[in-house]
1. Hey, what angle do you get for helix 101-111 against the long axis of the chain, alpha-carbon based, 0 to 90 degrees rounded to 10?
2. Output wanted: per-residue J couplings in Hz (rounded whole) for the range 181-197, from phi through Karplus 6.51 cos²θ - 1.76 cosθ + 1.60, θ = phi - 60°, x for Gly and Pro.
3. What net charge is computed for the residues neighbouring THR4, neighbours being all others with C-beta under 13 Å from the C-beta of THR4, Lys and Arg scored +1, Asp and Glu -1?
4. Specify the angular offset, from 0 to 90 degrees and rounded to the nearest 10, of the alpha carbon long axis of helix 145-156 from the longest principal axis of the alpha carbons in the chain.
5. Relative contact order of the range 45-133: what whole-number percent is it, with Cα pairs under 8 angstrom and at least 6 residues apart?
6. About the Cα centre of the range 2-223, what is the dipole size in debye to 20, counting +1 per Lys and Arg Cβ and -1 per Asp and Glu Cβ, all else neutral?
7. Summing -39500 (n - 2.57) over the DSSP H runs of n ≥ 4 in the chain and dividing by its residue number, what mean residue ellipticity at 222 nm do you reach, to the nearest 500 deg cm²/dmol?
8. Kindly write out, for the range 17-29 in residue order, the coupling ³J(HN,Hα) from the Karplus curve 6.51 cos²θ - 1.76 cosθ + 1.60 (θ = phi - 60°), rounded to whole Hz, with x marking Gly and Pro.
Amino acid sequence: MTLTLTDVTLTYPDGDTRLTALDHITLDVPRGTLTAVIGPSGSGKSSLLAVAATLITPDSGTVTIDDTTVTELNRAEQATLRRRSIGIVFQQPNLLPALTAAEQLQTMAVIDGHRPATARRRALDLLDAVGMAEHADRRPHQLSGGQRQRVNIARALMNDPTVLLVDEPTSALDHERGAIIIDLITRLTHQQATATILVTHDRTHLTAADHITEVHDGRLLTSETGLISS
């Protein structure tokens, strides 16, 4: 059970030519492991996440989740798979102001056809898992930045995804709160058995990763044990 990108190339229009964002990328992320992706701005990290999330279809290559080649699905099928199998933790939590922490999560499950009572129980269990049980009925303006990010992570796990994609979750937090969030993501990756990709600029968080991948000019370099010298 893995997330696999195989020989993925992605280009964007750039005047009369095309700019290569991903250049024959191959990456395998087993379930229950966390792969950290690092690299300078503009190197292709966000494009890699977007392709893995089925938000962008690559020019060539395949993306496979478990036994499904998602790049062969139509847009409606990809949207269904994304809703049921992919959790995305955005850089900013983007919580809905009118909803409580529990309701942020419940909405995800109800959209997917789950009964409200079942969704409520699942939401409370996840909020407890991220240390937010006592804040379940608070709205975003009543929560700190770190607390909102915890709700963001719990929301991404609401539909029990196979894949968890995390984009710079600590960028708006101080180092101490950021370290807590990274520890939380690592623990949940192992507990929930997700195939997790974490994009980060903070190299102090890399000790939590099972694998580290550097992106340079759309190409990947991978190290099993530590950073790669450029």
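1. So the helix axis and the longest Cα principal axis differ by about 70 degrees.
2. Result, ordered by residue: 5, 5, 4, 5, 4, 4, 4, 5, 4, 6, 5, 8, 6, 8, 8, 10, 10 Hz.
3. Details: positive: ARG31; negative: ASP7, ASP28, ASP66, ASP67.
Charge balance near THR4 sits at -3.
4. Rounded to the nearest ten degrees, it is 80.
5. Value for the range 45-133: 16 percent.
6. Details: 20 positive and 26 negative charges, 172 e Å.
Roughly 820 debye, rounded to the nearest 20.
7. Details: 6 runs with 74 residues, N = 230.
Theoretical 222 nm ellipticity from helices: -10000 deg cm²/dmol.
8. Residue by residue, the range 17-29 yields 10, 10, 8, 8, 8, 10, 10, 6, 7, 10, 8, 10, 10 Hz.
Every number here is computed from the coordinates shown, using simple stated rules; none is lab data. Not measured: the values here are computed from a predicted model. Positions of Cβ are generated from backbone atoms using ideal geometry, with glycine treated the same way; all protein chains shown enter the neighbour counts.
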